[in-house]
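Below: one structure, written as structure tokens.
The values are calculated or read from the model by the stated rules, or taken from the named source; none is laboratory data. The structure presented is a predicted model; accordingly, all values stated were derived computationally and were not measured. So basically every Cβ, Gly included, is an ideal-geometry build from the backbone, and we count neighbours across all protein chains shown. To get the accessible areas, we keep the full protein, side chains included, count just its heavy atoms, and leave off ligands, DNA and RNA. Shrake-Rupley method; radii C 1.70, N 1.55, O 1.52, S 1.80 Å.
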Amino acid sequence: MSKKHLRSLSEKEKEKEKTSSRRFLPRLISWNMTFACNLACPHCYIDAGERAGEGELNTDEGKMLIDQIAEVSKPILILSGGEPLLRDDVFELARYATAKGLTVAMGSNGTLITDSVARELSASGVKAVAISLDSSIPERHDEFRGVKGSWRRALEGIDACIRNDIVVQVNTTVTQQNYDEIDDIMALAEKHGANAFHLFFLVPTGRGVKIEDISADMYEQMIEGVLEKIATAKYNLNVRPVCAPQFMRIASQKGLNLERWTRGCIAGLTYCRIYPTGEVTPCPYLPIKLGNIRETKFEKIWLDSDILNALRDFDDLKGKCGVCEYRVVCGGCRARAYGLTSFVDVCGGLHEPEDLKGDYLAEEPWCPYIPSGGKENPKH
């Protein structure tokens, strides 16, 4: 066979791979705009502090990022941090992204959102704001967030958004401290007019490695309890467990309609994260370097990354995840698998995007389910 023919076959294979990658267009992108934050949360995955960090994308680079994303798809762009409202250009960048056809949302601790800020957010095209609320008890939330009065100000931020026609999603991270009050937090969120409730499960990255996590059995029980509330329509909230993709398996076992959700773990499939310095990673909790938008266009990173393409082949999963009959709808938490196999020194809590050190395809370590009768993985 001639070298020319071999080269032609290689080019065809590359085109085939790129065509396959285009099936997984980004629908959700989280941009950590800044390291700066006015709170001091113990589970922060980027170890945010009082001041902006070195090397953050400036305004022009932020617009370049938005341009590059818009060339690939028109996803929901979540402006996050740190605390994104500490960036002077946040409204300008929100307006720019909106003009480019992206749907703009924000992840915030809510403490800086007044009526005037909410009006400016709305005018900038921000459609929804996710506000963190980690307890129904003011003192407990304040202790977790590291600043007295943050609970009250978060609720005031929720109210300000609602008054200015911004959809509110409440985010809660499950911990040993608030495990027994999730029902009360959901009731509080609904009382204040929230539209959605996302229940986050801890992933060992950033400062989160220092927090004692709940057990695997507690995870399972919490997911079952939350799904039971969905099944009985106890709350008028759109509910989704986050960083606990096994909820799709449990929902299926309960006979719930899975169409209300996408796949359990969407890291690298329809979702990715942009670090403040421009590094692209599969998700905020999976800090593997895929490329930097200052050096490589987002389209090339998204389509050509070997790591992303491995994540998109569900038969590449290992251990019991690789033979599980639910691997297509669940997939296991790739960040938790990586975090518990990387043994990375995260001294001080900062977990920057890094070269590959762990196994992001390993089995989900916090899922107790034993696959039964699933189709054997052809790759293992």
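Let me check something: with ligands and nucleic acids excluded, how do 262, 172 order by accessible area (1.4 Å probe), largest to smallest?
The residues order as 262, 172, largest area first.
The heavy atoms of residue 234 present about 110 square angstrom of accessible area, all protein chains included, probe 1.4 Å.
At 1.4 Å probe size, with the rest of the protein present, what percent of the exposed accessible area of the range 119-228 is carbon and sulfur atoms? Show your work: numbers first, answer last.
Working: 2120 of 4550 Å².
Its accessible area is 47 percent carbon and sulfur atoms.
Computed over protein heavy atoms with a 1.4 angstrom probe, the accessible surface ordering of 150, 215, largest first, is 215, 150.
Ranked by accessible surface with a 1.4 Å probe, highest first, in what order do 274, 230 come? The partial results should precede the final answer.
On the way: 274 0, 230 25 Å².
Ranking 274, 230 by accessible area, largest first, yields 230, 274.
Could you work out the local net charge near residue 225, counting Lys and Arg as +1, Asp and Glu as -1, over the other residues with Cβ closer than 15 Å to its Cβ? Walk me through the numbers before you get to the answer.
Working: positive: 229, 234, 240, 254; negative: 180, 181, 183, 184, 217, 220, 224, 228.
Here the count lands on -4.
Rolling a 1.4 Å probe over the protein heavy atoms leaves residue 290 with an accessible area of roughly 30 Å².
Under the criterion of Cα pairs below 8 Å and six or more residues apart, the relative contact order for the range 109-264 equals 20 percent. Each Lys or Arg adds one and each Asp or Glu subtracts one; over the other residues with Cβ under 10 Å from the Cβ of residue 32, this totals -1.
Take residue 363: with every protein chain present and a 1.4 Å probe, its accessible area is about 70 Å².
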